[in-house]
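The values are calculated or read from the model by the stated rules, or taken from the named source; none is laboratory data. This structure is a prediction, so every number in the text was calculated from the model and none was measured. Here the Cβ positions follow ideal geometry from the backbone for every residue, glycine too, while neighbour counts run over all protein chains shown.
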Amino acid sequence: MRFRILGPLRVHDGAHWTSVRAAQQRLVLAVLLIEAGKVISTDQLVNEIWGEQPPGTAAATVRGYVRALRRILGGGTHGPLLTRGHGYELAVADEDVDARVFERLVDTGIRAIAGGDRGGALTRLSEALALCHGHVLADVPSTATVATEITRLEQRRLTAMEERLGALLDLGRHAEMVDELAQVVAEHPLRERLQGQLMLALYRCGRRAEALATYRSAHRMITDELGVEPGMELRRLHLAMLSDEPHLVAPVRQSGHDHRVTPAQLPAEVTAFTGRESPLKQLDILLPDPGDPDGAAGPPLPVIATIVGTAGVGKTALAMRWAHQVRRHFPDGQLYVNMRGHAAGPPMRPIDALARFLPALGVPAEQVPLEVDVAASLYRSLLADTRTLVLLDNVAHSDQVRPLLPGSRGCRVLLTSRDKLGGLVARDGAVPLTLDALDPAESTTLLTRLLGADRVAAEPDAAAELTDLCGHLPLALRIAAANLTARPTRAIADYTTRLAGGDRLAALQMDGDPEAAVRAAFDHSYATLPDDAALLFRLLGLVPGTEITAPAAAALADFSLPQANRLLDRLARGHLIVEHACDRYTLHDLLRLYAADLATRDGTLDRHAALDRLYDHYLRGTQSAATRLDPGTSRLSVPEPANGDLTEALAWLDAELPNLMAAITHAAAHGPQVFAWQLADALRGYLFLREQR
């Protein structure tokens with residue numbers, strides 16, 4: 001659990017920031033947070049809430065508040081909110097309370113200034129102030145303890161602001177801070193140090209008259225409000241400006257991060273890259289206009305593109321190919337990180353990616369901010385007015401990468417993912433590119449480049465069969481080629497016989513490298529599915545036909561139609577299935593084998609019952625449509641009542657015919673055979689009419 005008190009009181013449950021609804025519960029939690037690690041007696045909490053006249057039920061009410069807070073914080077009596085004798089202790093780490101992180105960062109920044117490290121101080125103080133989200137404990141009732149803590153932390157915040165602004169002045173960055181400083185002075189007109197900083201910033205911007213006017217306004221405010229003259233330091237600064245003393249001249253501007261390098265982080269291209277001419281041309285939409293490389297004129301060009309597709313289809317290879325081809329368009333560098341969205345370990349957090357990017361952009365490792373918002377702000381500042389390419393590989397979802405998107409129109413971002421990343425398309429204007437498997441000619445070319453022209457030419461039919469068995473999936477083709485290369489005397493035909501007759505997924509892997517396997521790639525996609533979507537995916541491996549619709553999926557899994565629609569969309573979003581026509585879904589051949597294998601391994605799955613439900617759906621639909629088409633034909637079984645008009649019935653039968661024929665064949669071979677003859681009988685009239693058309 002994490003807590004915010006530098007603003008309204010908020011609790012982070014690991015996924016979201018939430019508020020505590022009841023005001024008095026907020027007060028109890030606030031007091032416990034202020035005194036975290038210490039035991040607070042029930043009597044003290046009663047006094048905080050009701051003062052000197054508590055009700056007779058006060059102690060019992062406090063215990064009720066504690067129970068409610070434990071439900072929010074989790075863990076019950078063994079969670080972070082502990083009972084200690086006649087009181088309570090909130091046991092939390094310093095890094096889980098924003099105020100404690102804030103104070104540590106402020107202390108670090110002040111020590112850095114004392115040591116002459118203005119750049120490091122600026123980073124830490126900016127990071128500290130970014131933790132502030134409004135007035136301290138803004139939604140908590142004021143009591144003695146709360147009011148004291150609010151005053152203390154507000155003073156610390158003002159000190160941090162003054163130190164940060166002083167560091168900016170010392171770094172010669174007065175121009176970028178003067179407007180911010182004017183606003184801060186308006187809010188705190190009696191802070192003489194802030195008044196002096198504003199005067200100096202204006203003076204160094206060449207606005208001497210405004211700097212002197214600021215002094216006159218401050219002098220009037222201080223004498224009217226406090227009845228005293230401004231302090232000696234402010235008066236001396238005023239006199240120095242009147243005489244234009246040389247020491248007021250601004251120092252040479254420093255960024256605080258003056259070790260800027262040109263990153264070149266792109267990994268090497270994949271060997272024997274093949275095909276993809278059309279996708280490469282589509283990605284060229286990201287290229288800057290040669291006449292306006294920084295995007296300063298004309299309508300905004302797309303700055304983000306996503307390459308999405310199923311596991312093993314070659315998304316990363318395409319991204320690398322394009323990125324290496326266009327490097328010259330991005331003279332300020334190329335950044336790359338694998339976000340591990342579908343990998344054996346957990347996905348990379350945005351802050352961890354920023355911790356890699358910022359040192360590559362010249363930020364000393366010890367000055368990399370610890371908070372993602374501050375780190376992202378620094379990252380965008382360093383990329384401002386640059387032409388940099390950012391390649392984010394293997395992304396899990398849109399929110400994972402939003403902090404990594406530059407704000408500069410001269411930068412471009414290319415992402416790869418098994419997810420459709422629809423949020424980036426909708427909210428951030430990303431251009432989507434869906435990558436399919438290779439076509440047969442491209443597959444043969446890739447195999448030829450990997451195995452050698454002579455070996456493929458010696459067995460052209462076997463090579464063509466191998467590409468079909470690999471589903472034209474680049475990962476599968478590369479694994480098959482690597483297995484054949486390791487055994488140069490083995491015939492391609494022998495290998496295809498093994499693939500066709502045995503466990504194809506087991507054969508498409510490299511010995512000694514569990515991640516170099518088609519199954520491993522699919523496993524990472526499957527592992528991200530919720531339970532109901534995973535169940536539907538396993539069941540899809542049982543379907544005899546090549547397509548499925550939402551009504552058929554609902555029958556197969558015994559789900560409602562809305563649930564089936566939602567889960568099919570989830571599977572399509574992760575590219576485990578493909579919506580190749582409106583509301584009609586299919587699986588890649590290897591994914592179909594993978595789903596079927598998962599279904600076979602699932603000891604709790606009643607596969608026969610699932611197929612019976614699917615067959616029943618097909619039979620009812622066919623009987624209803626056939627009755628509409630040919631109501632006079634006698635049938636071996638009682639037909640379903642006709643639904644819909646003639647056109648709808650014919651369209652349904654036309655679309656479902658391949659699935660119905662596959663179901664008849666499967667039922668005839670594996671049972672129940674009664675379904676095979678019933679469905680064949682129901683189709684008689686339609687097939688006769690079809691022959692007449």
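Odds and ends about this structure:
- Count of residues meeting criterion [over 19 Å from Glu245 (Cα atoms), among the hydrophobic types (A, V, I, L, M, F, W, C) and touching a residue at least 24 places away in the same chain (Cβ under 8 Å)] in segment 186-231: 6
- Any hit, segment 462-473, residues being in the same structural domain as Val518 (by TED's automatic domain parsing), buried (at least 20 other Cβ atoms within 10 Å of the Cβ), within 18 Å of Asp589 (Cβ to Cβ) and touching a Gly at 6+ places or on another chain (Cβ under 6 Å): yes
- Any chance Ala533 is within 22 Å of Asp583 (Cβ to Cβ), outside the structural domain of His342 (by TED's automatic domain parsing) and not in a strand (DSSP E or B): yes
- Against the list (1) farther than 30 Å from Leu529 by Cα; (2) surrounded by fewer than 22 Cβ atoms within 10 Å (Cβ to Cβ); (3) at pLDDT 90 or above, the condition Trp322 fails is (2).
- Close contacts from segment 421-448, counting a first residue that is farther than 18 Å from Cys411 by Cα and in contact (Cβ under 8 Å) with a residue 12 or more places away in the chain and a second that is in a helix (DSSP H, G or I) and of a type in the set (D, E, K, R), with Cβ to Cβ under 6 Å and a gap of 6+ residues or different chains, come to Leu435/Lys315.
- Whichever residue in segment 1-59 is aromatic (Phe, Trp, Tyr) and free of Cβ contacts under 8 Å to residues at least 40 places away in the same chain and, among such residues, is nearest to Gly85 (Cα to Cα): Trp50
- Residues satisfying the stated conditions in segment 489-525, i.e. outside any strand (DSSP E or B), crowded, with 16+ Cβ neighbours inside 10 Å and of a type in the set (Gly, Ala, Ser): Ala507, Ala520, Ala521, Ser525
- Filtering Ala595, Ala610, Ala554, Ala572 for residues that are in contact with a strand residue (DSSP E or B) (Cβ under 6 Å, 6 or more places away or on another chain), part of a helix (DSSP H, G or I) and not assigned by TED's automatic domain parsing to the domain that holds Ala476 leaves a single hit, Ala572.
- Qualifying residue in segment 142-162 (condition: assigned to a loop (DSSP other than H, G, I, E, B), at pLDDT below 95 and over 18 Å from Asp373 (Cβ atoms)): yes
- Subset of segment 569-620 (residues that are farther than 23 Å from Thr528 by Cα, buried (at least 18 other Cβ atoms within 10 Å of the Cβ) and either of a type in the set (A, V, I, L, M, F, W, C) or without any contact (Cβ under 8 Å) to a residue 40 or more places away in the chain (or both)): Ala610, Leu611, Leu614, Leu619
- Residues being surrounded by fewer than 19 Cβ atoms within 10 Å (Cβ to Cβ) and among the aliphatic types (A, V, I, L, M) are represented in segment 382-392 by at least one member.
- For Ala365, the conditions (1) of a type in the set (A, V, I, L, M, F, W, C); (2) in contact (Cβ under 8 Å) with a residue 40 or more places away in the chain; (3) surrounded by fewer than 16 Cβ atoms within 10 Å (Cβ to Cβ) are fulfilled apart from (2).
- Yes/no for Asp98 being in the same structural domain as Arg26 (by TED's automatic domain parsing), touching a strand residue (DSSP E or B) at 6+ places or on another chain (Cβ under 6 Å) and within 30 Å of Ser381 (Cβ to Cβ): yes
Per-residue answers, yes or no, for (1) charged (D, E, K, R); (2) under 17 Å from Glu180 (Cβ atoms):
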residue: Leu194; (1), (2): no, yes
residue: Ala201; (1), (2): no, yes
residue: Ala213; (1), (2): no, no
residue: Ala218; (1), (2): no, no
residue: Glu229; (1), (2): yes, no
residue: Leu239; (1), (2): no, no
residue: Asp244; (1), (2): yes, no
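- Gly134 vs. criteria in the same structural domain as Ser19 (by TED's automatic domain parsing) and part of a helix (DSSP H, G or I): no
- A Cβ distance below 6 Å, combined with a sequence gap of six or more or placement on separate chains, defines the contacts here; from segment 333-347, residues that are more than 12 Å from Ser417 (Cβ to Cβ) reach residues that are among the β-branched types (Val, Ile, Thr) and crowded, with 20+ Cβ neighbours inside 10 Å in the pairs Gly333/Thr388; Leu335/Val390.
- Taking first residues from segment 469-491 that are under 20 Å from Ala317 (Cα atoms) and partners that are of a type in the set (S, T, N, Q) and in a helix (DSSP H, G or I), the Cβ contacts under 7 Å between residues at least 6 apart in sequence or on separate chains come to His472/Ser443; Leu477/Ser443; Leu477/Thr467.
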